[in-house]
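> One structure follows; several queries about it will come next.
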Amino acid sequence: MNMKKWMSSVLVAGAVLTLATAAQAHVNVYPKETTTGSYEKYTVRVPVEKDVNTVKVKLEFPAGVKVNTVQPVPGWSYEFEKDKDGVNTALVWTATNGGIKAHEFMEFAFVGANPKEEGTLAWKAYQTYADGEVVEWTGDKDAKTPASVTTVKAGVGEAGHDHGHGAAEATTPAPATGQAASAGTSNTLPLVLSGLALLLSIVGLFRKKA
């Protein structure tokens with residue numbers, strides 16, 4: 001009986017770890033929370049889920065967010081897409097030196113002026129692979145390819161005063177230094193360690209009961 005309980009616990013822990021790792025493999029925009037009326041430094045994290053390089057990334061700006069400043073990334077060019085009035089509506093990064101390889105990720109940063117109203121920002125992203133496939137990260141939270149969402153809460157500052165400093169830097173993960181980084185060490189290692197710690201705790205508990 002104890003063995004059955006132990007196996008069930010192991011299976012549950014493994015499922016939790018698998019789901020957490022899968023969530024980290026999505027294209028995400030950080031931070032996940034920001035404040036109204038402030039300038040925020042946003043970071044787009046793009047992992048590769050295939051054995052084919054990612055060669056282009058497009059990110060559409062949610063309504064109410066104004067973006068005019070982008071951080072250059074070695075090995076990538078960028079351009080803004082504009083509407084008929086000349087307002088920036090999206091950023092497109094294109095690889096000039098091979099792109100992002102399998103089992104790697106890269107981060108792209110820019111500064112955006114947040115809307116003055118509370119709400120949520122859905123970032124629609126399009127990830128293009130070298131074989132021509134385009135993965136559209138545009139669905140809702142339960143979709144297979146969900147759009148990344150940032151919650152906008154009431155803040156004391158107004159756009160134009162903090163210019164991406166302070167809270168923005170404290171809540172945004174450190175971006176990659178322009179080179180593709182190992183997803184295993186930077187992204188999934190903490191999840192793996194947490195899962196192993198959980199498994200060890202379960203094993204120890206049932207050994208004591210036995």
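The values are calculated or read from the model by the stated rules, or taken from the named source; none is laboratory data. Bear in mind that the values here come from a model prediction, so they are computed numbers and not experimental data. Note that each Cβ is placed from the backbone with ideal geometry, even for glycine, and that neighbours are counted across all protein chains shown. Each accessible area value is taken on the protein alone, full model and side chains, heavy atoms only, with ligands, DNA and RNA left out. Shrake-Rupley method; radii C 1.70, N 1.55, O 1.52, S 1.80 Å.
> When you scan region 80-96, how many residues do you find that are among the small types (G, A, S) and outside any strand (DSSP E or B)?
So the count comes out to 1.
> Still on this structure: Quick one: count up the residues across region 38-89 that are crowded, with 20+ Cβ neighbours inside 10 Å and small (G, A, S).
1
> Among the listed residues A109, A122, A154, identify the single one that is under 21 Å from Y39 (Cβ atoms), among the small types (G, A, S), exposed (fewer than 14 other Cβ atoms within 10 Å of the Cβ) and in contact (Cβ under 8 Å) with a residue 40 or more places away in the chain.
Numbers: A109 fails: exposed (fewer than 14 other Cβ atoms within 10 Å of the Cβ); A122 fails: exposed (fewer than 14 other Cβ atoms within 10 Å of the Cβ).
It is A154.
> From the set of residues in region 129-146 that are outside any loop (DSSP other than H, G, I, E, B) and open to solvent by 30 Å² or more (accessible area, probe 1.4 Å), which is farthest from K66 (Cα to Cα)?
Going through the qualifying residues, I end up with V134.
> Further question: Name the one entry in K84, K66 that is over 14 Å from Y42 (Cβ atoms) and either among the acidic types (D, E) or at pLDDT 95 or above (or both).
Of the residues listed, the single one that is over 14 Å from Y42 (Cβ atoms) and either among the acidic types (D, E) or at pLDDT 95 or above (or both) is K84.
> Checking A15 against (1) farther than 28 Å from K153 by Cβ; (2) modelled with pLDDT of 95 or more, which test does it fail?
Tallying (1) farther than 28 Å from K153 by Cβ; (2) modelled with pLDDT of 95 or more, A15 fails exactly one: (2).
> Pull out all pairs, ordered by first then second residue, where Cβ-Cβ is under 6 Å, the residues are six or more apart or on different chains, the first lies in region 51-71 and is farther than 18 Å from H26 by Cα, and the second is of a type in the set (D, E, K, R) and surrounded by fewer than 16 Cβ atoms within 10 Å (Cβ to Cβ).
none
> Being among the β-branched types (V, I, T) and touching a Ser or Thr at 6+ places or on another chain (Cβ under 8 Å) is the filter; apply it to region 86-106 and report the residue that is farthest from T36 (Cα to Cα).
Taking the candidates together, the pick is T96.
> Let me ask something additional. V149 - would you say it is surrounded by 12 or more Cβ atoms within 10 Å (Cβ to Cβ), of a type in the set (V, I, T) and at pLDDT 50 or above?
yes
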